[in-house]
Amino acid sequence: MQLIKARDYDDMSARAAALIAAQVIFKRDSRLGLATGSTVLGVYKKLAETGFDFSHISTYNLDEYDGLDETDKNSYRHYMNTNFFRRVNIKPGNTHFPDAQKGKEYDTLIELAGGLDLQLLGLGHNGHIGFNEPCGEFIPLTHTVTLDESTRKANSRFFRDMDAVPKTATTMGIRTIMCARKIILCVSGKEKSEILRRVLYGPILPAVPGSVLQLHPDFTVVADADALGD
Ligand code: F6R
């Protein structure tokens, strides 16, 4: 594991964006696994500002709420279109999302394309990565999950009210994520410091899904001082 200590949110965003930009320079047709959420918003902003050529990359998002399509402002497709895809020259046909119908076909799609070169992740308050919620086992492939009440509550800030937050989502599985050649985990804020400590230094358990990242051979954490408790 490589730990990059960022000063603050802006510095975390710049450093993670630099790692992704380096990947795209190194391999212009990189296949990138992407996350949504508040933490990685700054990463997309910085990446868009580089003015880089993204026309050869393809993207595979981690997860999507069930029942929300791109016209819904809370869908992850809408988030990606607004915050990244429409700001760069990525080809819309090169962008992919999991869905409940496709299920494991999403893994086959990624595998046939040659696998992910880099996976960007955020960290849930309960240790989830993608929407792999704490449970009794690591679920390997793309699957539909019932979201934890704590996750629905954390994400309700974007919705009209708690009832409007979908109860299920489809997510890449742990194997799908761990098969990426390089993984970057971005973490910001004091409220994530305890879970980050458990993810990085605690026992590797499906009850703390992110802890499995300790086993990845090319795993970089970019965390700000608040998240690191510095
Ligand atoms: C979303 C995703 C989630 C988020 C996590 C953190 O695609 O994969 O695992 O990364 O819930 O969300 P924020 O950054 O909003 O705290």
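For the reader, a short list of remarks on this structure follows.
- Only helices enter this figure: runs of n ≥ 4 DSSP H residues, each worth -39500 (n - 2.57), summed and divided by the residues of the chain, yield -8500 deg cm²/dmol at 222 nm to the nearest 500.
- Averaged over residues, the count of other Cβ atoms within 10 Å places the peptides 15-25, 217-227 in the sequence 217-227, 15-25, highest first.
- FRET E, pair I25, D161, Förster distance 45 Å, beta-carbon r, rounded to 0.05: 0.55
- Since only L147, A180, L120 are under comparison, the one whose Cα sits farthest along the positive direction of the charge dipole of the range 111-193, derived from C-beta charges on Lys, Arg, Asp and Glu, is L120.
- Residues Y76, Y201 arranged by fewest to most Cβ contacts within 10 Å: Y201, Y76
- Local electrostatic count, L118, Cβ distance below 12 Å [Lys/Arg +1, Asp/Glu -1]: +2
- Shape category assigned to the range 74-145 from the gyration tensor of Cα positions, a/c cut at 1.5: oblate
- Sequence-distant residues sharing a close amide H with L120 (under 5 Å, placed H): G33, L34, A35, I184
- Ordering L47, Q101, P134 by the projection of their Cα atoms onto the charge dipole of the range 35-149, which places +1 on the Cβ of Lys and Arg and -1 on the Cβ of Asp and Glu, puts L47 at the extreme positive end.
- At R0 = 25 Å, FRET efficiency that the Cβ-Cβ distance of I204 and R181 yields, to 0.05: 0.75
- Legend: residue pairs K91/K192; K91/K182; K5/K104, Cα-Cα distance threshold 31 Å; pairs beyond threshold, K91/K192; K5/K104.
- Considering only N126, N61, N94, the Gaussian network model of the chain with Cα springs below 10 Å gives its largest mean-square fluctuation to N94.
- Hull shadow area, averaged, the chain [alpha-carbon convex hull, nm²]: 11.2 nm²
- Seen from A227, the other residues with C-beta closer than 15 Å to its C-beta sum to a net charge of -1, counting Lys and Arg as +1 and Asp and Glu as -1.
Any read-out appearing in this document is the output of simple, stated calculations on the displayed coordinates, not a laboratory observation. The model shown is predicted, which means the values in this text are computed figures rather than measured ones. Neighbour counts run over all protein chains shown; Cβ positions are idealised from the backbone, glycine included.
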